[in-house]
Amino acid sequence: MAVLLTENNKIIVQGITGKEGSFHTAQMLEYGTKLVGGVTPGKGGQESEHGLPIFNSVKDAVKETGADTTVIFVPPSFAADAVIEALNAGIKLAVCITEGIPVKDMAKIIPYVRNSDMKLIGPNCPGIISPGIGKIGIMPGFIHTPGKIGVISRSGTLTYEAVGQLSALGLGQSTCIGIGGDPIIGLPHLEAVKLMAEDPDTEGIVMIGEIGGTAEEEASVYIKQNVKKPVVGFIAGQTAPPGRRMGHAGAIISGGAGTAETKMKAMSDAGIYVCESPAEIGLKMKEALG
Amino acid sequence: MKIHEYQAKEILRKYKITVPNGEVTENPSDAGAIYNKLGTPVVVVKAQIHAGGRGKGGGVKLAKSETEAEELAKQIIGMNLVTHQTGPEGKEVLRVLIEEGMDIKHEFYAGITLDRKQSKPVMMVSTEGGMDIEEVAEKTPDKIIKETIDPNLGLLPNQASYLSYALGLEGDYAKQARNFFLGLWKAYDNEDASLVEINPLVTTGDGRVLALDCKIDFDDNALYRHADLPELRDLTEEDPLEVEASKYHLNYVRLDGAIGCMVNGAGLAMATMDIIKYAGSSPANFLDVGGGANPETVTNGFKIILSDKNVKGIFVNIFGGIVRCDRIANGIVEAAKNVDINVPLVVRLAGTNAELAKEILENSGIQMIVANDLKDGAEKIVGAINN
């Protein structure tokens, strides 16, 4: 089976009429994802080019469609507001794809998200895919195959790389979660690992981290104490110099913390199969499964 | 975005935080007049570059007369200042800040930044001011006092008060420090800063609490709502190639290795740098061409990479997801026609229509090595530059 995204999610798209939102709505539908509508204020009552009903607000969409999941494509200056709109409307899972949200905006809303029963994935992430069931996000569906490996990652194309390696070796995926590359995200590594660890149909976990922050270290401590399934880890940015932001707002070594070295050591101490090379992720998982 | 000390102090003034009297100049002959205007027997002449560690590198000096101020300004302006943050190549000093001297009683540290673990800002203070705070944090962590700030409430007066007494301050000094901390939070919050650091924060014999030095970094994602901030950007402080790349909306960071890389996506770009190292060489840059990777971005990417004279070979690593690889391959072929690529080129395309893309590349007549996967690509480019 899968975590977060199963056959039961009823999904809406916030920003469905925007360029990105519209394009990826078509892609999600093509993959077989169960979308029930979209939200664009001012266009309520109309139908999207994909034939989905458009609502003026998330509240209206939830009332009319029973939606419990949303994917957010709204521009950075409105994205934090869109997350809170979803929360207040009773959404249980929000996936925020938007890149470039100011840190202050996220810092202000995150306490509300943590105190609610809504899970937030992202922002600045590729989304979630449960191969064969559906995808909520922007990842290319066809590289994934249904299976038993859970993938957790802070980045987009690097996740595709890892998934490509797994699929090529015949290792399908239960769910892949792109948790996002920003300094503040809704669902950090640790929480994603817990979901995968508790999922009876996930047999192995791939955790792809990056320099910056200490989320991988925290997840490693949890894994050491609680996770019996094999975990394969990789940290991107082993060659990155301190103080320089490597694309993602969160990928920066500051104040001596967040180096690849300390993260890899924490993973290794936790019994995680650590890949030094990003080309080894699939092979290491195969080895770990025995 | 980073700014200079004198610019950061201007911002502090806006929030009613006391900073030393002073003036900035690019012209050494102004220094004497500034000395006289400040009216203190001693003034401090401070090199204005973004990097820290200026004092140790000889960029901060005391002057006791009009002529000495001019001499020192002449010495510092135009000097190549090397600090632990500039790298061995150093940084040319274009201007100095000249400030009043003062009778310093104590030096403290105060800073605000994001605590990523809690997703909340944190204010940190220490009695160990004027020192490398990272070293203090490592060796004597108990000497750093922290208050987590609720982003929706802001730094509360009780927290500011707690911090000032925790530094051992009393009476009017404690009161001033409390207001100082509240102002510092306001500056951090209102200006969308990612870091505000006062090192040292000082108390003086004449009863003042002020920011002797100041560093402010801003959240790039929030610059759109601060019309006045982008003009504080000093392009001479940035790598010219990085400035050029930013014009094309390319995410480029210059490094010191031999292999230029062009990749789509930040995580994969970092991983590509890593695998080059793993294969026995080192990356010349980080370059994320973004999700689009069309002929234009690829052409500009090649131009930027090749402007770096250390580049001995180029590794293009694209994972085509939504964007089809055959389109990217055509982009690369077109770009290679427009740019004279005079070093070995290895291209690895994966994802949608990768096989078709490979054919396009192989039949293009352009000198390049097509790689099958990440490992193959890294080994081929490292092999090619070693031949």
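The values are calculated or read from the model by the stated rules, or taken from the named source; none is laboratory data. Note that the structure is a prediction, hence the values are computed from the model and not measured. Cβ: placed from backbone, ideal geometry, glycine included. Neighbour counts: every protein chain shown. The protein model used for the area step is the full one, side chains on, heavy atoms only, and it has no ligands, DNA or RNA in it. Shrake-Rupley method; radii C 1.70, N 1.55, O 1.52, S 1.80 Å.
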* To do: Can you tell me which residue within the stretch B:88-113, out of those that are among the hydrophobic types (A, V, I, L, M, F, W, C) and in contact with an Asp or Glu (Cβ under 9 Å, 6 or more places away or on another chain), is nearest to B:ALA47 (Cα to Cα)?
  => B:VAL96
* **Which listed residue is open to solvent by less than 50 Å² (accessible area, probe 1.4 Å), closer than 24 Å to A:TYR160 by Cβ and in contact with a strand residue (DSSP E or B) (Cβ under 6 Å, 6 or more places away or on another chain), from B:GLY290, B:GLY267** => B:GLY267
* Structure fact -> Sole miss for B:VAL42 among (1) closer than 23 Å to B:PHE218 by Cβ; (2) assigned by TED's automatic domain parsing to the domain that holds B:THR83; (3) hydrophobic (A, V, I, L, M, F, W, C) is condition (1)
* To do: Hand me the list of strands (runs of 3 or more DSSP E) wholly inside the stretch A:162-258 holding 2 or more residues that are touching a residue at least 12 places away in the same chain (Cβ under 8 Å) and at the interface with another protein chain (Cβ under 8 Å from one of its Cβ atoms).
  => A:204-210, A:231-236
* Conditions (1) open to solvent by 10 Å² or more (accessible area, probe 1.4 Å); (2) more than 9 Å from chain B (Cβ to nearest Cβ); (3) outside any loop (DSSP other than H, G, I, E, B); number of the one not met by A:ASP117 -> (3)
* Can you pull out the residues in the stretch B:299-339 that are in contact with a Cys (Cβ under 8 Å, 6 or more places away or on another chain) and either under 20 Å from A:GLY156 (Cβ atoms) or open to solvent by 10 Å² or more (accessible area, probe 1.4 Å) (or both)? -> B:PHE315, B:VAL316, B:ASN317, B:ILE318
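If I go through the stretch A:92-104 residue by residue, how many of them are open to solvent by 30 Å² or more (accessible area, probe 1.4 Å) and either in a strand (DSSP E or B) or within 12 Å of chain B (Cβ to nearest Cβ) (or both)?
Step one: list which residues in the stretch A:92-104 are open to solvent by 30 Å² or more (accessible area, probe 1.4 Å), which gives A:92, A:99, A:103-104.
Checking the rest, the ones that are also either in a strand (DSSP E or B) or within 12 Å of chain B (Cβ to nearest Cβ) (or both) come to A:99, A:103-104.
Of the residues in that region, 3 qualify.
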* Structure fact -> Those residues of the stretch A:229-243 which are farther than 17 Å from A:ARG154 by Cα, touching a strand residue (DSSP E or B) at 6+ places or on another chain (Cβ under 7 Å) and modelled with pLDDT of 90 or more amount to A:LYS229, A:PRO230, A:THR239
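Could you pull out every one of the strands (runs of 3 or more DSSP E) wholly within the stretch A:1-91 that has 1 or more residues that are among the hydrophobic types (A, V, I, L, M, F, W, C) and over 18 Å from the mean Cα position of the chain (by Cα)? Full working, then the answer.
Numbers: elements: A:11-14, A:35-39, A:69-72.
Correct list: A:35-39.
Which of the residues spanning the stretch B:256-267 are assigned to a loop (DSSP other than H, G, I, E, B) and at pLDDT 95 or above? Even if it seems obvious, please write down each step before you answer.
At the first step, the residues of the stretch B:256-267 found to be assigned to a loop (DSSP other than H, G, I, E, B) are B:256-258, B:264-265.
B:GLY257, B:ALA258 - these are the residues of the stretch B:256-267 that are assigned to a loop (DSSP other than H, G, I, E, B) and at pLDDT 95 or above.
Among the residues that make up the stretch B:244-255, is at least one of them more than 26 Å from B:LEU374 (Cα to Cα), within 10 Å of another protein chain (Cβ to nearest Cβ) and at pLDDT 95 or above? Walk me through how you get there before you give the answer.
Within the stretch B:244-255, the subset more than 26 Å from B:LEU374 (Cα to Cα) is B:244, B:246-248.
Narrowing the set further to residues that are within 10 Å of another protein chain (Cβ to nearest Cβ) leaves none.
Scanning the stretch B:244-255, I find no residue that is more than 26 Å from B:LEU374 (Cα to Cα), within 10 Å of another protein chain (Cβ to nearest Cβ) and at pLDDT 95 or above, so the answer is no.
Across the stretch A:209-241, what is the total count of residues that are of a type in the set (S, T, N, Q) and closer than 30 Å to B:ALA258 by Cβ?
First, the residues of the stretch A:209-241 that are of a type in the set (S, T, N, Q): A:214, A:220, A:225-226, A:238-239.
Now drop any that are not closer than 30 Å to B:ALA258 by Cβ, which leaves A:238-239.
The total comes to 2.
For the stretch A:142-153, what are the residues that are open to solvent by less than 10 Å² (accessible area, probe 1.4 Å) and out of contact with any Cys (no Cβ under 7 Å at 6 or more places or on another chain)?
So in the stretch A:142-153, the residues open to solvent by less than 10 Å² (accessible area, probe 1.4 Å) come out as A:149-153.
Selection gives A:ILE149, A:GLY150, A:ILE152, A:SER153.
Which residues, counting only those in the stretch A:6-63, are of a type in the set (D, E, K, R) and surrounded by 14 or more Cβ atoms within 10 Å (Cβ to Cβ)?
Going through the stretch A:6-63, the residues of a type in the set (D, E, K, R) turn out to be A:7, A:10, A:19-20, A:30, A:34, A:43, A:47, A:49, A:59-60, A:63.
Within the stretch A:6-63, A:LYS10, A:GLU20, A:LYS34, A:LYS43, A:LYS59, A:ASP60 qualify.
Does the stretch A:260-279 include one or more residues that are assigned to a loop (DSSP other than H, G, I, E, B), under 30 Å from B:PHE218 (Cβ atoms) and at the interface with another protein chain (Cβ under 10 Å from one of its Cβ atoms)? Outline the logic, then answer.
Quick first cut of the stretch A:260-279, residues assigned to a loop (DSSP other than H, G, I, E, B) only: A:270-272, A:276-277.
Add one more test, that the residue is under 30 Å from B:PHE218 (Cβ atoms), and what stays is none.
Taking every residue of the stretch A:260-279 in turn, none turns out to be assigned to a loop (DSSP other than H, G, I, E, B), under 30 Å from B:PHE218 (Cβ atoms) and at the interface with another protein chain (Cβ under 10 Å from one of its Cβ atoms).
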* (1) farther than 24 Å from A:GLY250 by Cβ; (2) touching a residue at least 24 places away in the same chain (Cβ under 8 Å): which one isn't true of B:ASN264, the others all being true? -> (1)
* Structure fact -> Restricting attention to the stretch A:69-88, the residues that are open to solvent by 20 Å² or more (accessible area, probe 1.4 Å) and not polar (S, T, N, Q) number exactly 9
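Here's the yes/no breakdown for (1) more than 30 Å from B:GLN159 (Cβ to Cβ); (2) surrounded by 15 or more Cβ atoms within 10 Å (Cβ to Cβ); (3) within 14 Å of chain A (Cβ to nearest Cβ):
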residue: B:ALA69; (1), (2), (3): yes, yes, no
residue: B:GLN75; (1), (2), (3): yes, yes, no
residue: B:GLY78; (1), (2), (3): yes, no, no
residue: B:THR86; (1), (2), (3): yes, yes, yes
residue: B:ILE98; (1), (2), (3): yes, yes, no
residue: B:ILE104; (1), (2), (3): no, yes, no
residue: B:PHE108; (1), (2), (3): no, yes, no
residue: B:GLY111; (1), (2), (3): no, yes, yes
* Of all residues in the stretch A:276-290, how many are surrounded by fewer than 23 Cβ atoms within 10 Å (Cβ to Cβ) and closer than 19 Å to B:ASN317 by Cβ? -> 4
* Hey, can you tell me all the residues within the stretch B:343-382 that are open to solvent by 60 Å² or more (accessible area, probe 1.4 Å) and under 16 Å from B:ARG327 (Cα atoms)? => B:ASN353, B:GLU355, B:LEU356, B:GLU359, B:GLU362, B:ASN363
